[in-house]
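First comes the structure, then the notes that go with it.
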Amino acid sequence: MEKTSILLIGYDEHLCLSIVYCLRKANYDIHLLTHNKKTVCRYSRFIKKVFFYNDYKDIPEAIAEVSRTQHIDLIMPYDELESLIVSEHKDWLSEFAPVVPLTDPKLFQTAINKNNLDAFLASEKIEVMPKSVLLNAGSTLKDFNGLKFPLLIKPSRSSFGRGIVTIKDEETLKGYLSAKGKNLDGFAAQEFIVGSDISCNVFAVDGEIRHYTIQESPVKQLDNYAKNDDLVFHDDPEVIETISTVTKALNWNGVACLDLRRDAQTGKIYLLEINGRFWGSVSSSYDRANVNFPLIMIKHTLLKEELQYSKQEGIQISMSRFINELKSLKINQLGLTKYRSYLYDPFARFLKYMPR
């Protein structure tokens, strides 16, 4: 039986290896197109061949060339910038192979920029983001009136908490403004909300959420903006009600990871940012909640059908918690960590942690 040929497009190694893990049981030949010349994905047992390009502007022609030579059946970007570029050239690329659902480029660019997203949602009268103020080179203390300390100074685009500065009082703010000077363009000040982190991972079509998982991690305190591997997968109608208004306003198509915060005191749900790509825990969405987003996207695009499954609730534990469990002789807990999936592609996963 001839295999369906899938072309993944992206840079991030972890996302790629997680996606092919989710697709390992399907009858697919998976190819990768990337400009990460050192990618460990070359050694994945689930990837047939890796192709390279030099610059983002080369992506459309590179896709066309690989599609011609490898008889590609589906074009599937999985990283953010790659998805944007493919969306911009979707009509032309569709002549070579079907392209997975992607959001309109202008709306996509709005969504993945926190400052632009805040302004867009305000114009749509959708009040779901924490109170914030857009900064610029001339920002002074007066621009922060109405915001309560502590504050976060955040770049318009970032991930895993990179670039976030904590401002705990007015004196700290004065020092920050003095040191930062005229380099505040693209930053915003936002009130900090003590609460638990929530990620709502979705596959949407024309703004309608067709499939989703919700994962929640413990309450985050000030100065802790890093990811957390202790996750609870569960359902939450309030989360879906909140983000549905956002995906509809953006007429979202494809996958997205919406990062939210649940206020520990009031329980109110706030949207922090939208990542217009697959998420780091996509394999956990499959293992813990039984929702296989890569396969959902492929089935929808190629067969015009929705994948049938029974969603589950579950937990994922961090390595630190696993080690603590070991001290109690609970040696069967490794299967609850994200590292269980790594065992299916051990060589590529091992090399990812080696210096290059």
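Of note:
- GluC sites (Glu not before Pro) lying in DSSP loop within the stretch 48-116, provided at most 15 other Cβ fall within 10 Å: Glu95
- One quarter of the surface of the convex hull around the alpha-carbon atoms of the stretch 1-134 equals 10.1 nm², the direction-averaged projected area.
- DSSP beta bridges confined to the chain are antiparallel in about 75 percent of cases.
- Point-to-point label distance, Tyr353-Val194, nm (Cα→Cβ direction, 7 Å offset): 3.5
- Summing +1 for each Lys or Arg and -1 for each Asp or Glu among the other residues whose beta-carbon sits under 15 angstrom from that of Glu305 gives +2.
- Those aspartates and glutamates that a straight Cα-Cα span of less than 18 Å connects to Lys168, excepting residues fewer than 8 apart in one chain: Asp143, Glu191, Asp223
- Residue-averaged [θ]222 nm for the chain, counting only DSSP H segments that reach four residues, each worth -39500 (n - 2.57): -9000 deg cm²/dmol
- Separation in nanometres of the label points that stand 7 Å from Cα toward Cβ, at Asp263 and Lys25: 4.3
- Translational diffusion coefficient (Stokes-Einstein; Kirkwood radius from C-alpha pairs) of the stretch 202-318 at 25 °C, 0.890 mPa s, in µm²/s: 163
- Hz values of 3J(HN,Hα) by residue in the stretch 259-269 - Karplus curve (6.51, -1.76, 1.60), Gly and Pro given as x: 8, 10, 9, 9, 4, 5, 8, 9, x, 5, 9
- Above-threshold pairs, the threshold being 26 Å between Cα atoms, out of Lys3/Lys299; Lys248/Lys304; Lys142/Lys248; Lys268/Lys338: Lys142/Lys248; Lys268/Lys338
- Only alpha carbons enter this Debye calculation for the chain, each as an equal point scatterer, and the log10 of I(q)/I(0) it gives at q = 0.11 Å⁻¹ is -0.80.
- Computed 3J(HN,Hα) for the stretch 191-206, one whole-Hz value per residue from the Karplus formula 6.51 cos²θ - 1.76 cosθ + 1.60 where θ = phi - 60°, is 5, 7, 10, 6, x, 8, 7, 10, 10, 10, 9, 10, 10, 10, 10, 6, glycine and proline marked x.
- Along its principal axes, the stretch 122-216 has C-alpha extents of 48, 27, 23 angstrom, given from the largest down.
- Straight-distance crosslink candidates among lysines, where the alpha carbon sits under 17 Å from Lys38 and sequence neighbours closer than 8 are dropped: Lys48, Lys49, Lys352
- Take 143-150, 205-212 and order them by the average number of nearby Cβ atoms within 10 Å per residue, most first; the result is 205-212, 143-150.
- Residues whose amide H comes within less than 5 Å of that of Leu272, counting only those at least five positions distant or on another chain, are Asp259, Leu260, Arg261 (H built at 1.01 Å from N in the peptide plane).
- Computed over protein heavy atoms with a 1.4 Å probe, the carbon and sulfur contribution to the accessible area of the chain reaches 50%.
- Coupling constants for the stretch 276-283 follow from the phi torsions by the Karplus curve (6.51 cos²θ - 1.76 cosθ + 1.60, θ = phi - 60°), and in residue order they are x, 7, 5, 10, x, 9, 4, 6 Hz; glycine and proline get x.
The values are calculated or read from the model by the stated rules, or taken from the named source; none is laboratory data. Computed from a predicted structure; not experimentally measured. Cβ sites come from the backbone with ideal geometry, for glycine too, and all protein chains shown count toward neighbours. Heads up: the accessible areas ignore ligands, DNA and RNA and are worked out on the full protein's heavy atoms, side chains in. Shrake-Rupley method; radii C 1.70, N 1.55, O 1.52, S 1.80 Å.
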